[in-house]
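The values are calculated or read from the model by the stated rules, or taken from the named source; none is laboratory data. In this text the structure is predicted, and so the values were computed from the model without any measurement. Here the Cβ positions follow ideal geometry from the backbone for every residue, glycine too, while neighbour counts run over all protein chains shown.
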Amino acid sequence: MTLKRIIPVAMMLFLSINSFSWGQGISKIGTTAAPFLQIGAGSRASALGEAYTAVSENSSSLYWNPSGIDCYTKNDVAFNYSDWFAGMKYMNFGGVLHLEGLGSFGLSVTSFTTPEMVVTTVEEPDGLGTRYDAADLALGVSYAKKLTDNFSFGTTLKYINRRIWHENASAIAMDFGITYKLPWKNVQLGMSILNFGSKLKMEGSDLAVLYDPDPTSAGNNDQILSDQHTKEWSLPLSFRFGLSYKLLESQYNNLLLAADYIHPNDNFSSVNLGCEYSFMNYFHARVGYKSLTLKDSEMGLTFGGGVEYEFIGVDYSYVKLKNLGYVQQYTVSLAF
């Protein structure tokens, strides 16, 4: 199949999923599990309002669009950290290795944890003397390959686990993406489908209960050990379509514009916008706006910056939330 046929087929696939798979006019907020998968990885992407599907210059592409990891040449690793609100902590690690002639390989690890809380019951509202916590984990292995000088394809296989005290749930998911350099100078297109996979169902020892099948009968066994069954929940599947444009590119000044269209399975569609100015490719200033067209969204203005020198880079982002304060993310990256 030639590239002229691949592009239309890919776009028809994405648009078909967008149009028919997720319904019309219903947001479905709160109907998916593992919301930590929707926290964007990378301070640069976060500062750009998460308009990053068509930006492919570092290992952050592992989260947004796996095809982007074969669109640059340096091997790199990055560590992202964020103090989420309510004492929760978000961490993400990503690394990319390029093998000439074979393509690019990536590894990503994401964790999201809560502080310990006191175990309480209706009878013991002050606590039982024990504590519990919750933790989420996602492990991803990625591969991407340039099929032509302008077109690349990538995929990620992910293992996802959620734990609340003694209960846990696991799922397998995949990400798919393409990146295409359009005929116009410095314009790039990206498309991705994220978290396409199985459902999550909580299981564990705390769901065991003693059950009496017939409480009206005397002398029957009222201590039958049984398991409570919980509902299965879908992952936060999303379709992303992005464009990036290097409006200015010179030795001293660079200006990048980016925009993303996002259609999730648990909310309405939205648009993200981002702008980055770089001086001598050492100093970066970024601003963006997330969920521009989404009504009643917590997200909004984003900004940040970074410093890059030789093989090391440090980036920062600040996201203003309408009712929950703000979230900051820090990134340290190494290229080799």
- Task: Output the residue which, of all residues in segment 109-129 that are in a loop (DSSP other than H, G, I, E, B) and in contact with a Gly (Cβ under 8 Å, 6 or more places away or on another chain), is nearest to Ala45 (Cα to Cα).
- Result: Thr114
- Item | When residues of segment 165-186 are limited to those that are farther than 17 Å from Asp227 by Cα and surrounded by fewer than 16 Cβ atoms within 10 Å (Cβ to Cβ), the one nearest to the chain's Cα centre (by Cα) | Met174
- Note on the structure: Scanning segment 38-69 for residues that are surrounded by fewer than 24 Cβ atoms within 10 Å (Cβ to Cβ) and either among the hydroxyl-bearing types (Ser, Thr, Tyr) or over 22 Å from Lys145 (Cα atoms) (or both) gives Gln38, Ile39
- Note on the structure: Condition set surrounded by fewer than 19 Cβ atoms within 10 Å (Cβ to Cβ) and polar (S, T, N, Q), scope segment 133-154, selection farthest from Lys181 (Cα to Cα): answer is Thr148
- Item | Residue tally, condition surrounded by 15 or more Cβ atoms within 10 Å (Cβ to Cβ), touching a Phe, Trp or Tyr at 6+ places or on another chain (Cβ under 8 Å), assigned to a loop (DSSP other than H, G, I, E, B) and not aliphatic (A, V, I, L, M), over segment 284-336 | 1
- Restricting the first residue to segment 301-315 and requiring it to be at pLDDT below 95, which pairs with a second residue that is hydrophobic (A, V, I, L, M, F, W, C) meet a Cβ separation below 7 Å and a spacing of at least six or different chains? Phe311/Leu334; Phe311/Ala335; Phe311/Phe336
- Task: Considering (1) more than 30 Å from Ala47 (Cβ to Cβ); (2) touching a Ser or Thr at 6+ places or on another chain (Cβ under 6 Å); (3) surrounded by 12 or more Cβ atoms within 10 Å (Cβ to Cβ), say which one Glu232 fails and leave the rest.
- Result: (2)
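Yes or no, residue by residue, for (1) within 27 Å of Gly106 (Cα to Cα); (2) at pLDDT below 85:
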{"residue": "Arg5", "(1), (2)": "no, yes"}
{"residue": "Ala10", "(1), (2)": "yes, yes"}
{"residue": "Gly23", "(1), (2)": "no, yes"}
{"residue": "Ile39", "(1), (2)": "yes, no"}
{"residue": "Ala45", "(1), (2)": "yes, no"}
{"residue": "Ala54", "(1), (2)": "yes, no"}
- Test: residue in segment 192-202 that is among the hydroxyl-bearing types (Ser, Thr, Tyr) and under 30 Å from Leu48 (Cβ atoms): yes
- Expected single match for under 17 Å from the mean Cα position of the chain (by Cα) and of a type in the set (S, T, N, Q) among Asn150, Asn220, Asn161 is Asn161
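Residue-wise test of (1) part of a loop (DSSP other than H, G, I, E, B); (2) within 19 Å of Ser59 (Cα to Cα); (3) without any contact (Cβ under 8 Å) to a residue 40 or more places away in the chain.
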residue	(1), (2), (3)
Ala138	no, yes, no
Val141	no, yes, yes
Thr156	no, yes, no
Ser170	no, no, yes
- Query: If you go through segment 220-276 one residue at a time, how many are of a type in the set (Asp, Glu), under 20 Å from Asp296 (Cβ atoms) and part of a strand (DSSP E or B)?
  - Reply: 1
- Message: Let me spell it out: the conditions are (1) surrounded by fewer than 17 Cβ atoms within 10 Å (Cβ to Cβ); (2) over 30 Å from Thr302 (Cα atoms), and Ser104 meets all of them except one. Which number is the exception?
- Response: (1)
- So which of Leu237, Leu207 is more than 30 Å from Val187 (Cα to Cα) and hydrophobic (A, V, I, L, M, F, W, C)? Leu207
- Task: Please enumerate the residues belonging to segment 254-299 that are on the phi > 0 side of the Ramachandran plot and over 17 Å from the mean Cα position of the chain (by Cα).
- Result: Met280, Asn281, Asp296
- Tell me, yes or no, whether segment 93-108 has at least one residue that is out of contact with any strand residue (DSSP E or B) (no Cβ under 7 Å at 6 or more places or on another chain), part of a loop (DSSP other than H, G, I, E, B) and not hydrophobic (A, V, I, L, M, F, W, C). yes
- Message: Go through segment 104-133 and report how many residues are among the polar types (S, T, N, Q) and touching a residue at least 24 places away in the same chain (Cβ under 8 Å).
- Response: 6
- Message: Checking the conditions here, which among Thr120, Thr148 is out of contact with any strand residue (DSSP E or B) (no Cβ under 7 Å at 6 or more places or on another chain) and within 30 Å of Glu57 (Cβ to Cβ)?
- Response: Thr148
- Task: Restrict the check to segment 196-206 and report whether at least one residue is crowded, with 19+ Cβ neighbours inside 10 Å, outside any strand (DSSP E or B) and in contact with a Pro (Cβ under 7 Å, 6 or more places away or on another chain).
- Result: no
- Query: So which pairs qualify, if the first residue must be in segment 83-94 and exposed (fewer than 12 other Cβ atoms within 10 Å of the Cβ), the second must be of a type in the set (D, E, K, R), the Cβ gap must be under 9 Å, and the two must be at least 6 apart or on different chains?
  - Reply: none
